[in-house]
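Only one structure is covered here, and it is reproduced in the block below.
The values are calculated or read from the model by the stated rules, or taken from the named source; none is laboratory data. Computed from a predicted structure; not experimentally measured. All Cβ positions, glycine included, derive from the backbone under ideal geometry; neighbour counts span all protein chains shown.
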Amino acid sequence: MTGQSSAIVSAAPALSHRSGLGWGLVGVTAFSLTVPLTRLAADDGFPALLIGSGRAVVAAGLAVAVLLLTRQARPSRRQWARIAVVAAGVVAGFPLLTSYALVTAPASHGAVVIGLLPAATAVMAVLGGHERVPGSFWLFATLGAVAVVAFAALQNGGLGALHGSDLLLFGAVLAAAIGYAEGGLLARELGAWQTISWALVISAPVMFVLATVSFVRTPPAAGAVAWLAFGYLALVSAYLGFFAWYRGLAVGPMARVSQVQLVQPVLSIGWATLLLGEDLTWTTVLGGLAVIGCAGFAVRARLAG
């Protein structure tokens, strides 16, 4: 009996870890369409401001309905402050910055730059959790940042030729990393879908004003495909995808689950090729491999530490 009991106990954590990785993969797969579909909507007449803010408004309406139907208890005052950090990162910062960046930047280009996100998320988790990590972690995280800058510069014609869209993408990575790290920790207290739901609720007034201003100033002259893309961004990228992603981070361990993000730029580049007909150049392939490799080594160094 003792042997059987110990076998059961030792198997439980492994199952939990696989569950975290599984949920993380579902979330990353859902998010992998975000960059290509944002570019598609922008190309077909959606203003960048409306893409970034409007999807949050639609998702917030759904979140309010779900929270009311399930009668969720309100977060504490301290939790509200942390929810505001999540909202600033993943509800406002990342969607708005990527929407403006992808007006001019190809989706595959954006996917490679955003490929730095796993390392950036690991850095934010280390800083927020005051973890002690080996020097190799900081080395590979720095190399990943250098690889992204070099890739962006080469695609734009050489060093010193970074475009404004690249700076917006760098800002989007930083915003998402902060929101992911804080949201993963908060999901352990509130629950995965509750965390993103409250984040959408707290940001709804500001996002509603921005969406209204954009709609009145420049009504979208978009076709059915663009509206479908916007619908996916609102329902999945802004809301349902976080059900799985924050669930995976909450089950954890966060450092290991964050490795799943390494497949996101690969999937996004594939979607950009299939849906947008973008050319898959050697610069994109090599740049993507370099960024993913550095991010992967950084996350593994953190695990080893």
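Please identify the pairs in which a residue from region 164-185 that is more than 12 Å from V113 (Cβ to Cβ) and crowded, with 23+ Cβ neighbours inside 10 Å has its Cβ atom under 9 Å from the Cβ atom of a residue that is modelled with pLDDT of 90 or more and aromatic (F, W, Y), counting only partners at least 6 apart or on another chain.
The qualifying pairs are G179/F94.
If only one of G231, G277 is loosely packed, with under 15 Cβ neighbours inside 10 Å, of a type outside the set (D, E) and on the phi > 0 side of the Ramachandran plot, which one is it?
Numbers: G231 fails: on the phi > 0 side of the Ramachandran plot.
Criteria check complete, one pass: G277.
Under 7 Å between Cβ atoms, which residue pairs at least 6 apart in sequence (or on different chains) link something in region 212-224 that is within 10 Å of L49 (Cβ to Cβ) with a partner that is modelled with pLDDT of 90 or more?
S214/P47; S214/L49; S214/L50; S214/S53; F215/L50; T218/P47
On the given criteria, is V9 under 24 Å from the mean Cα position of the chain (by Cα), at pLDDT below 95 and not hydroxyl-bearing (S, T, Y)? Don't jump to the end; show me each part of the working.
Numbers: under 24 Å from the mean Cα position of the chain (by Cα): no; at pLDDT below 95: yes; not hydroxyl-bearing (S, T, Y): yes.
It is false that V9 is under 24 Å from the mean Cα position of the chain (by Cα), at pLDDT below 95 and not hydroxyl-bearing (S, T, Y).
Identify all residues within region 52-96 that are charged (D, E, K, R) and either under 16 Å from the mean Cα position of the chain (by Cα) or within 25 Å of V213 (Cα to Cα) (or both); write none if there are none.
Our first condition is that a residue be charged (D, E, K, R); within region 52-96, this holds for 55, 71, 74, 77-78, 82.
Hit for region 52-96 is R55, nothing else.
Here's the yes/no breakdown for (1) in contact with a Gly (Cβ under 8 Å, 6 or more places away or on another chain); (2) of a type in the set (D, E); (3) part of a helix (DSSP H, G or I):
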position	(1), (2), (3)
P265	yes, no, yes
T273	no, no, yes
D279	no, yes, no
T283	no, no, yes
G288	yes, no, yes
I292	yes, no, yes
A295	yes, no, yes
A298	yes, no, yes
A301	no, no, yes
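Considering only residues of region 125-163 that are surrounded by 16 or more Cβ atoms within 10 Å (Cβ to Cβ), aromatic (F, W, Y) and more than 27 Å from S237 (Cα to Cα), which is modelled with the lowest pLDDT?
If we take residues in region 125-163 being surrounded by 16 or more Cβ atoms within 10 Å (Cβ to Cβ), aromatic (F, W, Y) and more than 27 Å from S237 (Cα to Cα), then F137 is modelled with the lowest pLDDT.
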